[in-house]
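Following: one structure in structure tokens, then a few remarks.
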Amino acid sequence: MSKNGFTRPKGTGESNSSPNLYVANCGPAVGLTHDAIKSAFQIFGEVIGVQSADDSGVRVIVCFAEDTAAQAAFQAWNEKSCPNLAGRVLHMRYSVHRPQKVNSNDSVVVSHSERELGIPGIHLMHEFITLEEEKELLKAVDERPWKSLAKRRVQHYGYEFLYEVRNVDSKQFLGELPSFVSHILQKIVSFPGLGDTSSKLVDQLTVNEYPCGVGLSPHIDTHSAFDDLIFSLSLAGSCIMEFRQYTEGSWNSPASSAVDAEELTKSAKPSNCTRKAVFLPPRSMLLMSGEGRYAWHHYIPHHKVDMIGDRSVRRGSRRVSFTFRKVRKGPCQCNYRQFCDSQLES
């Protein structure tokens, strides 16, 4: 099984094909970006995504929407020079994804794409930025002062998030977002999943640095604090993000931030909620919107090692996330009243 949980289908031959192709001699290490690979393979049909098969940088998984598209690509390019990809000779095989448990004591499976996850409003793009862009972003924040919290360090831009009240002071503007994220803001505007929404701008950035083993307790970003779209860019390390949808009455939001969310985690039994999880590799961008933003708690388990399929993935010494949001100027009027502080107070 590959790094991302893909493996060969049982048996051999085209009768055992799948919409996913394992492609060797192809990837960032040989000068081919995931965007370039996706563009090349789209001549055969819709490509859902391209992701690294392992850490080598020369093997990828190309995921098509239809089996027939994967078959056409296999027949045309397997073991042949590909003019659309710098003339490289590609070596392919069909692959299938097998979701597995997070660990032996946990029943939630780990997805690798938004389609597998199946939560409305949650979108994931692998390799949203390049390795070089990742290095530049990390260098930029490491040259600026950090604020230390109990278990992690943070930086705030645009507006400061006030952990005591789980909100922002919209009257205290810190200034425009820093220039080192300008290219990220340009990419966000065309992010898949935005649809016809007119709210494509962000004005608040929180940078979080998580040491190995430190996660995030289950929570929904305060409805009254931020608009619909929340973007989270993962850098330096990977993690599993779990989403939980609690049955009505089984989750009590803290009356104030003086309540430790970790204590709430211990008292909130997983049996009282629907649970789904997704793997967030470095350089991936996650968008939470609609139902996924307003009605599902998101949670990063406090693990030093994540189980992805039958292999353990040790978290790096640090994971840095860039969370982009837009400060809400009025009360929230979403359709998820039971989770909405604006409507519960009205």
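The values are calculated or read from the model by the stated rules, or taken from the named source; none is laboratory data. A quick note: this is a predicted structure, and the numbers were derived from the prediction, not measured. Here the Cβ positions follow ideal geometry from the backbone for every residue, glycine too, while neighbour counts run over all protein chains shown. Heavy atoms of the whole protein, side chains included, go into the accessibility calculation; ligands, DNA and RNA do not. Shrake-Rupley method; radii C 1.70, N 1.55, O 1.52, S 1.80 Å.
Do any of K151/K304; K171/K326; K187/K326; K139/K329; K135/K171; K139/K187 go past 22 Å between their Cα atoms, and which? Result: K139/K329; K135/K171 exceed 22 Å.
Full extension of the chain between V165 and D55 yields a length gain of 35.5 nm, computed as 0.36 nm times the residue separation minus the alpha carbon distance. In this calculation the C-beta distance from T130 to T68 is compared with R0 = 30 Å, giving a FRET efficiency of 0.40.
Taking all protein chains together and rolling a 1.4 Å probe, S321 ends up with roughly 0 Å² accessible. For K171, the shell of other residues with beta-carbons less than 15 Å away shows a net charge of -1, using +1 for Lys and Arg and -1 for Asp and Glu.
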